[in-house]
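Taking it in order: structure first as structure tokens, then the write-up.
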Amino acid sequence: MAEKRDYYEVLGVAKGASKDEIKDAYRKLAMQFHPDRNKEAGAEEHFKEISEAYAVLSDDQKRQQYDQLGHSGFDQRYKQEDIFRGADFDSVFRDMGFGDIFRSIFGNQAGFQGFEERNRGQDLAYNLEITLEEAAKGTEKEIEIPRTERCEVCGGSGANPGTAARVCPRCGGAGQIQNMRKAGFAMYMQVSVCPTCKGKGKLIDSPCTNCRGSGLVRRRRKITVKVPMGIEEGTQLRLRGEGEMTGGDGEPGDLYVVVHVKQNSQFIREGDDLWHVAIISYPQAALGAEISVPTFDGEITIKIHPGTQVGETVTLRGKGMPRFRGYGRGDLNVRIGVSVPEKLTGPQKALLEQLAKELGTDVSKAHKFRL
């Protein structure tokens, strides 16, 4: 499979383009490559490509995640059904007669707003910050999410208890109306949201007093998030059904928890490996020693061999991070640094000068460097 092009490149817009600029760019390209207008080879595939780019960049949440994750990370979290869900193609092609072509090209999984009503709540996003130790061991976090939920008085119907909504007489409960339009020698079917019921398919004569007929109320909901071991910075956890709800019997959206891992004062993470700097004294480096180093399983003792040089690394296999999408653990790399005393006593200075002479180093003839 060929690598996908950048969505901004596909539409020919800058990364900071406004929504109106993105819509205008898509409209022009769609008119150029629409299969009903362009019969050249590859036009339909190009139309699919620009439609996918528009579906992502016209949605604030999807666009933000694409900007953060790029194609590789974004495509791991969104199937085509998710990418096209809720995309507003109706406002782009209104009065142009381009309705059914989307189903013929993408199939029913696309779920375009205004062409195929999907009674589903909006997805939500939440940024969760954890420590590196919590990422190593896994954790559970309780978060509080403001979201739309079904009204407990009317059960989401929007009608007062004891009453019921009636079928919209204009669209017959479909939520959409269809009109045949003629363009040249071709006939097109235009599908649009019913203006009487606003796409709901029902009318409420006695609205619920608690939710004012919407069937929905605003609540703050506490949710427990299970964070798996070894999770990486920017990983997105999908909690199905924990997003916004809709009235009636529609399904709720999902909650996407984006995990951010704080920096750690003792370790630097590189993938599944950890790095730690251990500072030892010159005698320990020269003579060898045993020192303690931290791990997420507690401190362990490692041996420093005689003559250890600054920057040498001791690797502890399997003491790094658990592999998030696999088995086992990475390594802990301990890099050795040597501490040089800033002040010496007279006897200490004499000992070092004697050592320098025996090693053939004349400290009395130190070079002076110009800055």
Segment 217-308: relative contact order from alpha carbon pairs under 8 Å, six or more residues apart, as a whole percent, is 17
D_trans [Stokes-Einstein, Kirkwood Rh over alpha-carbon pairs] for segment 273-335, 37 °C, 0.692 mPa s, µm² s⁻¹ = 264
At a Förster distance of 56 Å, what's the computed FRET efficiency of Val340 paired with Glu251, Cβ-Cβ distance as r, to 0.05?
-> 0.30
With every protein chain in place, the accessible area of Lys303 for a 1.4 Å probe, in Å² rounded to the nearest 10, comes to 150
In the list [x] 38, 23, 19; [y] 64, 28, 16; [z] 32, 28, 20, the entry giving semi-axes √(5λ) of the Cα gyration tensor in Å computed from the coordinates is [y]
Quick one: ranking Val167, Val258 by accessible area, 1.4 Å probe, largest first, what do you get?
-> Val167, Val258
Lys/Arg +1, Asp/Glu -1 at C-beta; the chain dipole; positive extreme among Val261, Gly172, Met229 = Gly172
The chain: angle of helix 346-358 to the longest principal axis, Cα-based, in degrees nearest 10 | 80
For the chain: relative contact order, % (alpha-carbon pairs under 8 angstrom, 6 or more apart) | 14
Does segment 1-79 come out rounded, prolate or oblate by the C-alpha gyration tensor, with a ≥ b ≥ c the root eigenvalues, rounded set by a/c under 1.5 and, if not, prolate when a/b is larger than b/c and oblate if not?
-> oblate
Express the carbon and sulfur contribution to the solvent-accessible surface of segment 227-314 as a percent, rounded to the nearest whole number, probe 1.4 angstrom.
-> 52
Of Gly215, Gly307, Gly175, the most mobile residue in a GNM of the chain (C-alpha springs, cutoff 10 Å) is Gly307
Charged-residue dipole, Cβ positions (Lys, Arg, Asp, Glu), segment 242-282 about Cα centre, Debye nearest 20 | 520
Count the net charge of all other residues whose Cβ sits under 14 Å from the Cβ of Lys141, scoring Lys and Arg as +1 and Asp and Glu as -1.
-> -3
Pseudo-spin-label distance Ile143 to Leu287, built 7 Å along Cα→Cβ, given in nm, is 5.4
Compute the long axis of helix 60-77 from its Cα atoms, compare it with the longest principal axis of the Cα atoms of the chain, and write down the angle in degrees, 0 to 90, nearest 10.
-> 70
Charges only on Cβ, +1 for Lys and Arg, -1 for Asp and Glu: so what's the dipole of segment 10-77 about the Cα centre, in debye to the nearest 20?
-> 120
Compute the separation of the alpha-carbon centres of segment 270-330 and segment 126-152 and state it in Å as a whole number.
-> 33
On the full set of protein chains, 1.4 Å probe, figure out the accessible area of Lys202 and give it in Å² to the nearest 10.
-> 120
With every protein chain in place, the accessible area of Ser72 for a 1.4 Å probe, in Å² rounded to the nearest 10, comes to 80
Hey, can you rank 150-161, 349-360, 41-52 by average C-beta count inside 10 Å, highest first?
-> 150-161, 41-52, 349-360
Determine the order of His34, His276 by accessible area, beginning with the largest, at a probe radius of 1.4 Å.
-> His276, His34
Treating only Lys and Arg (+1) and Asp and Glu (-1) as charged, each at its beta carbon, one finds that the chain has a dipole about its Cα centre, in Debye to the nearest 20, of 660
With the other protein chains left in place, how much accessible area per residue, in square angstrom, belongs to the chain at a 1.4 angstrom probe?
-> 59
Multiply the residue separation of Phe324 and Thr196 by 0.36 nm, subtract the distance between their alpha-carbon atoms, and state the gained length in nm to one decimal.
-> 41.0 nm
Angle between the Cα long axis of helix 19-33 and the longest principal axis of the chain, 0 to 90 degrees, nearest 10?
-> 70
Can you give the calculated 222 nm mean residue ellipticity of the chain, where each DSSP H run of n ≥ 4 adds -39,500 (n - 2.57) and the sum is split over every residue, rounded to the nearest 500 deg cm²/dmol?
-> -7000 deg cm²/dmol
Solvent exposure, largest accessible area first (probe 1.4 Å, DNA, RNA and ligands not counted), of His71, His305, His260 | His305, His260, His71
Positive-end residue of Cys211, His276, Gln76, charge dipole of the chain with Cβ unit charges = Cys211
Restricting to lysines and to Cα separations under 22 Å from Lys79, and discarding same-chain partners fewer than 8 apart, the set is Lys4, Lys48, Lys62
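The values are calculated or read from the model by the stated rules, or taken from the named source; none is laboratory data. Every value quoted in this text rests on a predicted model; they were computed, and no experiment measured them. Here the Cβ is made from the backbone with ideal geometry for all residues, glycine too, and neighbour counts use every protein chain on show. Areas reflect the complete protein model, heavy atoms only, side chains present, ligands, DNA and RNA absent. Shrake-Rupley method; radii C 1.70, N 1.55, O 1.52, S 1.80 Å.
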